[in-house]
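Written below as structure tokens is the structure these notes are about.
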Amino acid sequence: MKNKLLTITLIMISAITLIGTTAFVVLLKFNGNEEEKVATIDEIVESTVEIPEITTKLASNEYIKISFNIQTDSKDAKEELEKRSFQVKNLIIKELSEMNGEEFKGEKGIIALETRLKDRINLLMHEGKIVNVYATSFLPQ
């Protein structure tokens, strides 16, 4: 009688432990808190489109020369971005035409421009998204 009770107790404890462990693993897997895979530099370069230097006039009647590299999240997104390069250049010119030279003083101004461009270009995209916009040259005149 005691052996049966001990056996049943051990089976119940094993079953509860197994169910608890399974639930824990499932929650971790589907919780959405998974760390994103960090791309290697080769993957970044492979998914990046270069926007050649643009010279345009700012709202403050100053001129600026600036170029960008735009990182996408996939090969399809890169191909779409390459096709949309004229639209991207147009967005950049429009964005710059609303700015003045003072907004480019320090790192914050360039970061703000990169963020606005990322958001606006993502509105154009159908085959993926823009991960990052990098100002690669900048020369106020």
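The values are calculated or read from the model by the stated rules, or taken from the named source; none is laboratory data. These figures come from a predicted structure and were not determined experimentally. Every residue, glycine as well, gets a Cβ built from its backbone with ideal geometry; the counts of neighbours run over all protein chains shown.
Being under 20 Å from residue 137 (Cα atoms) and not in a strand (DSSP E or B) is the filter here; which residues of the stretch 62-76 pass it?
Going residue by residue through the stretch 62-76, those that are under 20 Å from residue 137 (Cα atoms) are 62-72.
If the condition is that a residue be under 20 Å from residue 137 (Cα atoms) and not in a strand (DSSP E or B), then 62 is the only one that fits.
Determine whether the stretch 56-67 contains at least one residue that is β-branched (Val, Ile, Thr) and over 17 Å from residue 110 (Cβ atoms). Quick ask: steps written out before the conclusion?
Taking the stretch 56-67 first, the residues β-branched (Val, Ile, Thr) are 56, 64, 66.
Then keep just the ones that are over 17 Å from residue 110 (Cβ atoms); that gives none.
Taking every residue of the stretch 56-67 in turn, none turns out to be β-branched (Val, Ile, Thr) and over 17 Å from residue 110 (Cβ atoms).
Restricting attention to the stretch 120-141, and to residues there that are closer than 22 Å to residue 57 by Cα and without any contact (Cβ under 8 Å) to a residue 60 or more places away in the chain, which single residue is surrounded by the most Cβ atoms within 10 Å (Cβ to Cβ)?
Going through the qualifying residues, I end up with 121.
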| request: Evaluate the following for residue 79: is it within 24 Å of residue 139 (Cβ to Cβ), in a helix (DSSP H, G or I), in contact (Cβ under 8 Å) with a residue 12 or more places away in the chain and in the same structural domain as residue 135 (by TED's automatic domain parsing)? | output: no
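Among the residues that make up the stretch 96-108, is at least one of them polar (S, T, N, Q) and free of Cβ contacts under 8 Å to residues at least 12 places away in the same chain? Give the derivation first.
Of all residues in the stretch 96-108, those polar (S, T, N, Q) come to 97, 100.
Imposing the further condition that a residue be free of Cβ contacts under 8 Å to residues at least 12 places away in the same chain reduces the set to none.
The answer is no; no qualifying residue exists.
Among the residues of the stretch 101-111, what is the count of those that are over 14 Å from residue 68 (Cα atoms) and surrounded by 12 or more Cβ atoms within 10 Å (Cβ to Cβ)? Please lay out each step first, then the result.
As a first pass, look at the stretch 101-111 and keep what is over 14 Å from residue 68 (Cα atoms): 101-109.
Next cut, surrounded by 12 or more Cβ atoms within 10 Å (Cβ to Cβ) only: 101, 103-104, 109.
Looking only at that region, the number is 4.
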| field | Qualifying residues in the stretch 22-68 (those that are exposed (fewer than 10 other Cβ atoms within 10 Å of the Cβ), among the hydrophobic types (A, V, I, L, M, F, W, C) and within 19 Å of the chain's Cα centre (by Cα)) - the one modelled with the lowest pLDDT | value | 38
